Amino acid sequence: MSNAVAALMFVGVVAYALFAGADFGAGFWDLTAGGARRGRSVRHLIDVSVGPVWEANHTWLIYCLVMLWSGFPRAFAAITTTLYIPLGLAVLGIVLRGSGFAFRKAALRTAEQRLYGVAFAVSSVLTPYCFGSVAGAVASGRVPSGGHGDAVGSWINPTSALGGVLAVVVCAYLSAVFLTVDARHQGSGVLEAGFRARTLLAGAVTGVVCLAGVFVIHSDSPRLFHQLSHRGLGLVIVSALCGIAGLYLMAVRRPFAERSLAAVAVAAVVTGWGVAQYPFLLGTHLRISAAASPGPTLWVLIAVAGVAGLLIAPSLAALYILQNRGRLPTQA
């Protein structure tokens with residue numbers, strides 16, 4: 001049962017990486033769009049694309065947190081008492097990001113719009129970096145089972161830095177792909193060409209970061225490197241092939257399943273991390289079975305996850321499908 005609950009929790013991790021990742025990446029392109037006049041069309045496309053779904057994406061984060069603290073309270077306590085700085089910054093980023101995105105639309109003065117826009121954009125980079133650094137800290141074994149680990153060194157280290165940077169560039173890549181398709185649906189050739197170029201750039205940077213990350217992980221986290229290069233190698237290869245195929249189709253301007261290829265590429269690499277981590281929940285010292293709650297609690301979590309899948313998943317699926325088809329109002 002502990003493995004089943006861990007798998008259900010990790011489904012939420014992958015979903016949050018995909019849907020919220022594209023959401024956060026939009027903020028990165030908002031940050032780099034340029035001045036008010038130059039970046040107006042880009043920011044309008046981002047507002048139209050992100051507006052209807054940005055709050056719904058946090059459903060996955062709430063789901064993951066509930067599964068973690070209910071199903072694995074020992075690991076939850078260890079993570080929060082050690083990594084409270086990056087987690088606190090991530091929460092602050094989520095709040096500032098939502099506030100900036102909402103208030104920018106309501107602001108009447110250009111100066112206020114810029115202020116809220118900066119809050120939205122900067123937080124969109126800060127939050128995924130912090131989450132990535134947390135993942136790096138957990139994967140590299142810097143969170144002790146008893147908690148209260150090094151509050152600074154646990155997330156300021158090579159593997160955590162790699163996780164943070166990789167999270168930012170992956171979000172930018174995923175968002176660029178989604179925005180390219182959205183621009184095509186709106187019939188804007190200029191925006192489509194612009195985001196196609198952004199996709200190719202973000203994809204190339206992501207590839208370089210991944211290659212550099214091989215040496216970082218080999219030096220800083222030998223067990224993680226060994227597991228990724230053995231047990232998780234198949235998923236890493238799938239991620240690379242899907243990423244390359246998506247970039248090729250984007251470069252030759254042959255629209256075919258761009259979003260699906262990008263999503264599979266990201267989902268595969270995140271799942272590869274989970275496979276490499278197994279059977280440990282924290283580094284190499286706290287197993288999933290040892291961190292799990294008693295059996296009755298796990299049964300309740302499995303039941304709740306099943307009910308949530310029946311009630312909430314169809315609603316989210318309908319929301320994403322309608323958004324991808326441009327059927328939702330742009331004012332949302």
Filter result for ARG97 (farther than 27 Å from VAL214 by Cβ and charged (D, E, K, R))
yes
From the list LEU83, LEU87, LEU65, exactly one residue is surrounded by fewer than 16 Cβ atoms within 10 Å (Cβ to Cβ) and within 30 Å of GLY295 (Cβ to Cβ). Which is it?
LEU65
Considering only the range 1-57, how many residues are within 20 Å of VAL269 (Cα to Cα) and of a type in the set (Ser, Thr, Tyr)?
1
Among the candidates ALA303, ALA276, which residue alone is assigned to a helix (DSSP H, G or I), more than 24 Å from the chain's Cα centre (by Cα) and among the hydrophobic types (A, V, I, L, M, F, W, C)?
ALA303
Show the residue pairs meeting these rules: Cβ distance below 7 Å; 6+ apart or different chains; first residue within the range 260-272 and at positive phi; second residue hydroxyl-bearing (Ser, Thr, Tyr) and outside any helix (DSSP H, G or I).
none
List pairs: first residue in the range 278-290 and in contact (Cβ under 8 Å) with a residue 24 or more places away in the chain, second residue loosely packed, with under 14 Cβ neighbours inside 10 Å anywhere in the structure, Cβ distance under 6 angstrom, at least six positions apart or on different chains.
ILE288/PRO279
Checking the condition part of a loop (DSSP other than H, G, I, E, B) and surrounded by 24 or more Cβ atoms within 10 Å (Cβ to Cβ), which residue from VAL177, VAL170, VAL143 passes?
VAL143
Looking at the structure I just gave you, is SER99 farther than 28 Å from ALA204 by Cβ and among the hydroxyl-bearing types (Ser, Thr, Tyr)?
yes
Filter the range 101-140 for residues that are out of contact with any Gly (no Cβ under 7 Å at 6 or more places or on another chain) and in a loop (DSSP other than H, G, I, E, B); the one that is surrounded by the most Cβ atoms within 10 Å (Cβ to Cβ) is ALA107
Residue count for the range 314-332, restricted to those that are polar (S, T, N, Q) and modelled with pLDDT of 85 or more
1
Given the criteria assigned to a helix (DSSP H, G or I) and surrounded by fewer than 23 Cβ atoms within 10 Å (Cβ to Cβ), does VAL205 qualify?
yes
Which residues, taken from the range 217-232, are assigned to a helix (DSSP H, G or I) and more than 21 Å from the chain's Cα centre (by Cα)?
HIS218, SER219, ASP220, PRO222, ARG223, PHE225, HIS226, GLN227, SER229
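The values are calculated or read from the model by the stated rules, or taken from the named source; none is laboratory data. None of the values given here were measured: they were computed from a predicted structure. Every residue, glycine among them, receives a Cβ derived from its backbone with ideal geometry; neighbour counts consider all protein chains shown.
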